[in-house]
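Reviewing the structure listed below.
The values are calculated or read from the model by the stated rules, or taken from the named source; none is laboratory data. Please read these numbers as outputs of a predicted model, since none were measured by experiment. A quick note on method: Cβ atoms are made from the backbone with ideal geometry, for glycine too, and the neighbour counts reach across all protein chains shown.
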Amino acid sequence: MTQAGATPPSTPQPATPQPGVDLSTLGGGTAGPAPPPPPPEDEGQYDPSKDRELIRGHVALILTWCLVGIVAVLSVAGLVTSVACMSGATCQPATIELKTISTLATIVLTPLVGLVGAVTGFYFGEKAGRGAAPA
């Protein structure tokens, strides 16, 4: 039943073949499988230099803050010991001369300063070497 003013449903018409296209073969007449699509342009080879720079920077910062922290702790320990000895507490001569703190500073600070110097020198040297024009 159709309503008044409605158009009757149309019967599907057979598709007319386009000239030059053979629809009787599977795959539209192409020989072999279709080639794979080209890779997207934004994807490329992994470049580790960005991650390497990030890690080098983190290592340099961590070692520098370790150096600052150890120097601060040793300075506070020296000041506390000096104030305690000057306030009238009985102190041994080695305590007055801060022998333990100076020995600890020698044992800890010497390799740490060398390590911080090597890491920061390598980090900034690598940046300066990359910024120079090739000869």
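Screening 83, 113 for residues that are in a helix (DSSP H, G or I), touching a residue at least 24 places away in the same chain (Cβ under 8 Å) and not aromatic (Phe, Trp, Tyr) leaves exactly one candidate, 113. The set of residues from the stretch 94-110 being in contact (Cβ under 8 Å) with a residue 12 or more places away in the chain and polar (S, T, N, Q) comprises just one member, 95.
Among the conditions (1) closer than 30 Å to residue 126 by Cβ; (2) at pLDDT 90 or above, residue 55 misses just one, which is (2). The single condition from (1) under 20 Å from the mean Cα position of the chain (by Cα); (2) surrounded by 14 or more Cβ atoms within 10 Å (Cβ to Cβ) that residue 82 fails is (1).
Quick one: in the stretch 94-114, which of the residues that are among the β-branched types (Val, Ile, Thr) and surrounded by 15 or more Cβ atoms within 10 Å (Cβ to Cβ) is nearest to residue 76 (Cα to Cα)?
Taking the stretch 94-114 and keeping what is among the β-branched types (Val, Ile, Thr), we get 95-96, 100-101, 103, 106-108, 110, 113.
Going one step further and asking which of them are surrounded by 15 or more Cβ atoms within 10 Å (Cβ to Cβ), we end up with 95, 101, 108.
Values: 95: 15, 101: 10, 108: 16 Å.
Ranking the candidates gives 101 first.
In the set (1) more than 30 Å from residue 126 (Cβ to Cβ); (2) of a type in the set (Ser, Thr, Tyr); (3) at pLDDT 75 or above, residue 46 fails one condition alone, (1).
Test each condition in (1) over 21 Å from residue 52 (Cβ atoms); (2) modelled with pLDDT of 80 or more; (3) not hydrophobic (A, V, I, L, M, F, W, C) for residue 93 and report the one that comes out false. Looking at each condition in turn, residue 93 falls short on (2).
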